[in-house]
Amino acid sequence: MGLLSLLEVSSMPMIQVLLLCLLGAFMATQYLNLLPLHARNSLNKIVFAVFTPCLVFASLAKTVRLEDIISCAGAIYREMVAAAEEENSKEPNKDLEANEKTLLLNGSNAIEDGDAKKQINIERKHSTAVWNQILGIFHQIVDELKAPPVLASIVGFIFGAVSWLRNLIIGDNAPLRVIDDSIVLLGDATIPCITLILGGNLTQGLRKARLGSLTVIAVICVRYIILPVVGIGVVKAASHLGFLPSDPLYHFVLMIQFTLPPAMNIGTMTQLFDVAQEECSVLFLWTYLVSAVALTGWSTVFMWILS
């Protein structure tokens, strides 16, 4: 495949995204007024609560298998056992000038009763603070698990791992395949809606965004220069250590992950929290404009390295 053909293939998805962004920006202007701010907020909530969970569920339910989970868990278990055996094989660090008895006697003689009570109170306060911190983390995890995409991923894992549940809704012969078809139909609306929202935010971003040119250039340099170089090093190191199979296509896919533009769901998060929507839309515009050329160039470099 020549350079021009590779440029054409890599630029098509980016051009589609930019066209949808332009459409969303035009819909948000005063000429049409079809996508004002309140409409974008409402559409973004629908994307987060309905479309994205459907997309996540449909993807996981069709790809996850119980055998894959067992094999992954078996690999993690073997690594943990190997690490434990290596740790147990090490010689303990012994102090030749002291033993347990002398340490105990010295400690008991050095600490008076008042100091001992004070030390006990300090330890109790410390344990209480640690316990409160653990409870806070636990409540935060529970709140995050309540998010619709997370719930959809859990349910998707269950349907993918349990064969009779998967056969119930997935497949041409599934009795309830209409449910999966409906979920897939809703999930397919995720990317177009997110792109339209980003385009609508772009109308405000070009006027109100407080982004300097140096910031945009720095983001582009990190995204399309530093990260791909890091990706080459990571994949090569993992392959050298034996963590990856010797399939060049597999290595190419891993490397290309470090060259892709930012995820669309970042715009969803900024819209939900009402923070930096304009700046995010401007960054997305420039990163997706540059991505066509960067993706083509790095794809050529990756193929040259792996050939």
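Here, each number is a calculation from the coordinates, and none is a lab measurement. These numbers come from a predicted model, not from an experiment. Methodologically, a virtual Cβ is constructed for each residue, glycine included, from the backbone with ideal geometry; neighbour enumeration extends over all protein chains shown.
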### Task
Would you give the gap between the C-alpha center of the stretch 254-287 and the C-alpha center of the stretch 144-222, rounded to a whole Å?
13
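Could you line up W131, W164, W298, W286 from fewest to most neighbouring Cβ atoms inside 10 Å?
Details: W131 10, W164 7, W298 23, W286 17.
Result, fewest neighbours first: W164, W131, W286, W298.
Need one word for the stretch 213-307: rounded, prolate or oblate. Basis is the Cα gyration tensor (sqrt eigenvalues a ≥ b ≥ c); a/c below 1.5 gives rounded, then a/b vs b/c decides.
Numbers: a/c = 2.75, a/b = 2.01, b/c = 1.37.
Prolate, because a/c is 1.5 or more and a/b exceeds b/c.
Can you tell me the relative contact order of the stretch 173-272? Whole percent, Cα pairs under 8 Å, sequence separation 6 or more. Could the numbers behind the result be given before it?
Values: 28 pairs, mean separation 36.5, N = 100.
Relative contact order here is 36 percent.
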